[in-house]
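Worksheet: the structure to be examined is printed underneath.
FYI, it's all coordinate maths here, none of it is from the lab. The model shown is predicted, which means the values in this text are computed figures rather than measured ones.
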């Protein structure tokens, strides 16, 4: 097998160099896309936390509403008992 000429070696080095440049550009693009995706995921997590907080507040309001309704029914029963006697 004959050794490659200097011109062939340079041509192969140029091809490899071009491929490396393309790969670097792809890596930069992927990193940029990952940063965008991470930002979007962060926004979604923030919205989920807000929704969980709102759901918790709604549960407290419903609980307090039922407690007030129970108290009102008890007071109405006492009043009805006093009026009936």
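Tabulated values for the structure
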quantity	calculated
Stretch gain in nm, segment residue 74-residue 27, where the contour uses 0.36 nm per residue and the Cα spacing is subtracted	9.9 nm
Calculated over the stretch 15-61: convex hull of Cα atoms, volume per residue (Å³)	31
Largest to smallest principal axis extent of the C-alpha atoms in the chain, angstrom	121, 22, 7
Separation between Cα centres of the stretch 6-41 and the stretch 61-77, rounded to whole Å	68
